[in-house]
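To start, the structure under review is shown below, and the notes come after it.
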Amino acid sequence: MIKNISNLGDAALYCDFGSEVNKEINSKVIQYFKSIQKENIDGVNNLTPSYNKLIISFDLRKKNFQTIKKLIENLNVTNDDKLDTNRIKIPVCCDENFSLDIKRLEEKLQLTRDKIYEKFFGKEFFCYMTGFIAGMPFLGDLENELQAKRLETPRVKVPKGSVGLTEQFANVYTFESPGGWNIIGNTPQVIFDSTNENNPNLINPGDLVTFEQITKDQYYNNDE
Amino acid sequence: MNKNYFEIKRAGINTTFQDKGRDNLYHIGIPFSGAMDNRNFQISNKLVGNELNFPIIEFAYQGPLLKYFGENINFAITGDVKFIIKKKNNAIEGNCYQSFTLENGDELDIISTNKSVYGYLAVSGEFDVNYQWSSCSVNTKANIGANNGKKIKDGQNIYISNINKNLSDKKLNYINTKIENIRVIQGTNFDYFSDKGKKIFFEKEFVISKLSDRMGMRLEGPKIENIVDTNIKSEGLLKGVIQVPADGNPIIMLSDHGTIGGYPKIGVVISADYDKLVQLTPGSKIKFKKVELADAETLFKLYDLETENLISQI
């Protein structure tokens, strides 16, 4: 199922599952991720599943690229890991102060902001992966008309709660962070809770997410 | 109750608790963190007789000014750091890689790092810190780790327990060397860049930008031209990965890096050069030098052995 394994630097395996991004390929990535996690391989210190890649990093004091590669190639990957699916609703305010890149998107997409919001809020998203910053969910898939590239120079600071679009994906900045996504609004919802060590993420891979537009008043009166 | 503590009279610029960092959380978006310069972190602990992974205080550029209250305690500072120990009747300039004793009422003024970024303060005891996912390392972006995941602030107290009663003097003869050539393995998107871009990457000088921190090091210099796509499908990152966004200026991922990124990877800094890379100050000029995987593995073994040797000399 892995198309190709190469090295990323001297302390990681780069497993390529194919060039496309779709739920089938992503499910394979997640199956591998779960199987390797269960193996608890000595010296492996991190697994990063993404849309169509899995990066396995290891402690160079204990293992090297060749030894880990062999282990992964000979691994029996089970198919029985069904993704646990939750349905989650995220409130978003699109006030001028929050929708930092809506003008850029109007120009790039040749759509009015009303049209962009109508399409965005009418959609149910699938969570492919979490990461970049703690708990950030990568949600797909946006239709072609809403797809835009990242900013050419990433922002040094994107505000916490920002909801952004890039290519066929949407996400939420769970913390203030550098980043290059097109920001269309902001949510008051807590997406990542570090005090809950066993389950810090509100949204996990496989979950289904919808966004709900709220007013500025509702944003500031949120219980959070 | 605990009676040994530092009063922070001046916190410094970026002063945090760190240990070796936390594993196995990339998949939920939490990076390793941990001390940026792992060698100097471990040496600081050894100089005060601690286990190598004890929490220490990491500072960048300007360090903290601390007033100590409690029973006698040893401390050591590693890196390339100017600091002064102020006693009741005199003040002496301290040396890095040497343990000193603090008595009740003494002040330790960590003035600055010299032409380097990070320094480490270890004490012969345990800082009272909270752990998250088995590490105290502070990640200020996600507010994880000791001190509620925040930098140490002016006016706060830092408590210390289990002080080691055996205050033996320890010293190491060691001088941090600087590097200008950073050794790099080609990245997974190396062929996204034009021949000219590839040449520039391995032949020209880059200057470290002021917009550098524990997350990443931004570089300025000749632009590296991308001929395929300036975006990739977002995928995992590691410390040392060099991404090139559309503006052609490389960014090197450091210990608090985002776990996932969408810019093409032109290269990865080898593990052997990471500790020295992070110590380079803004304005420093660097060049990238290409190495193969097998060489990188050997170079790391040598570097790791050298670190072990240094530690065993203490």
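Out of A:Lys28, A:Lys89, which single residue is touching a residue at least 60 places away in the same chain (Cβ under 8 Å) and either over 18 Å from B:Gly261 (Cβ atoms) or not in a helix (DSSP H, G or I) (or both)?
Details: A:Lys28 fails: touching a residue at least 60 places away in the same chain (Cβ under 8 Å).
After applying the criteria, what remains is A:Lys89.
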key: Unique match (being farther than 23 Å from B:Gly79 by Cα and away from every other protein chain (no Cβ under 12 Å)) among B:Lys276, B:Lys289, B:Lys285   = B:Lys289
ask   = Restricting the first residue to the stretch B:11-27 and requiring it to be in a loop (DSSP other than H, G, I, E, B), which pairs with a second residue that is hydroxyl-bearing (Ser, Thr, Tyr) and surrounded by fewer than 24 Cβ atoms within 10 Å (Cβ to Cβ) meet a Cβ separation below 6 Å and a spacing of at least six or different chains?
value = B:Ile13/B:Tyr61
ask   = For the stretch A:106-136, which residues satisfy the criterion of being in a strand (DSSP E or B) and away from chain B (no Cβ under 14 Å)?
value = A:Glu124, A:Phe125, A:Phe126
inquiry  = Every residue in the stretch A:54-96 that is among the polar types (S, T, N, Q), modelled with pLDDT of 95 or more and more than 30 Å from A:Ser6 (Cα to Cα), please.
reply    = none
query = Before we move on, is B:Phe59 touching a Gly at 6+ places or on another chain (Cβ under 6 Å), in a strand (DSSP E or B) and at pLDDT 95 or above?
reply = yes
remark   = Scanning the stretch B:234-255 for residues that are more than 22 Å from the chain's Cα centre (by Cα) and among the charged types (D, E, K, R), the one surrounded by the most Cβ atoms within 10 Å (Cβ to Cβ) turns out to be B:Glu235
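Can you name the strands (runs of 3 or more DSSP E) wholly within the stretch A:137-224 that have at least 1 residues being basic (Lys, Arg) and modelled with pLDDT of 90 or more? Steps first, answer last, please.
Working: elements: A:137-140, A:155-158, A:162-166, A:169-172, A:177-179, A:182-186, A:208-214.
Where strands (runs of 3 or more DSSP E) fall fully within the stretch A:137-224 and carry at least 1 residues being basic (Lys, Arg) and modelled with pLDDT of 90 or more, they are A:155-158.
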key: Failed criterion for A:Asn45 (all others in (1) over 23 Å from the mean Cα position of the chain (by Cα); (2) surrounded by fewer than 23 Cβ atoms within 10 Å (Cβ to Cβ); (3) facing another protein chain (nearest Cβ under 7 Å) hold)   = (1)
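Quick one: which residue in B:Gly258, B:Gly267 is buried (at least 17 other Cβ atoms within 10 Å of the Cβ), small (Gly, Ala, Ser) and in a strand (DSSP E or B)?
Numbers: B:Gly258 fails: in a strand (DSSP E or B).
Sole residue among the options that is buried (at least 17 other Cβ atoms within 10 Å of the Cβ), small (Gly, Ala, Ser) and in a strand (DSSP E or B): B:Gly267.
State whether the residues of the stretch B:291-312 include one that is touching a strand residue (DSSP E or B) at 6+ places or on another chain (Cβ under 6 Å) and more than 22 Å from B:Phe32 (Cβ to Cβ).
At the first step, the residues of the stretch B:291-312 found to be touching a strand residue (DSSP E or B) at 6+ places or on another chain (Cβ under 6 Å) are B:291, B:293, B:296.
Now drop any that are not more than 22 Å from B:Phe32 (Cβ to Cβ), which leaves B:291.
Yes: one or more hits.
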message = Need the failing condition index for B:Thr140 against (1) at pLDDT below 95; (2) out of contact with any Asp or Glu (no Cβ under 9 Å at 6 or more places or on another chain); (3) of a type outside the set (D, E, K, R), just the number.
response = (2)
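Every residue in the stretch B:173-187 that is under 18 Å from the mean Cα position of the chain (by Cα) and assigned to a loop (DSSP other than H, G, I, E, B), please. Break it down stepwise before answering.
From the stretch B:173-187, those under 18 Å from the mean Cα position of the chain (by Cα) are B:174-180, B:182; that's our starting set.
B:Tyr174, B:Ile175, B:Asn176, B:Thr177, B:Lys178, B:Ile179, B:Glu180, listed by residue number.
Is it the case that the stretch B:163-183 has a residue that's within 14 Å of another protein chain (Cβ to nearest Cβ) and not hydroxyl-bearing (Ser, Thr, Tyr)? Break it down into steps so the answer makes sense when it comes.
At the first step, the residues of the stretch B:163-183 found to be within 14 Å of another protein chain (Cβ to nearest Cβ) are B:182-183.
When the remaining residues are screened for being not hydroxyl-bearing (Ser, Thr, Tyr), the result is B:182-183.
Yes, there is a match, as at least one residue in the stretch B:163-183 is within 14 Å of another protein chain (Cβ to nearest Cβ) and not hydroxyl-bearing (Ser, Thr, Tyr).
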request  = Restrict the check to the stretch B:67-84 and report whether at least one residue is crowded, with 24+ Cβ neighbours inside 10 Å, under 18 Å from the mean Cα position of the chain (by Cα), modelled with pLDDT of 95 or more and within 14 Å of chain A (Cβ to nearest Cβ).
outcome  = no
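The values are calculated or read from the model by the stated rules, or taken from the named source; none is laboratory data. None of the values given here were measured: they were computed from a predicted structure. Reconstructed Cβ throughout: ideal geometry from the backbone, glycine too, with neighbour counts over all protein chains shown.
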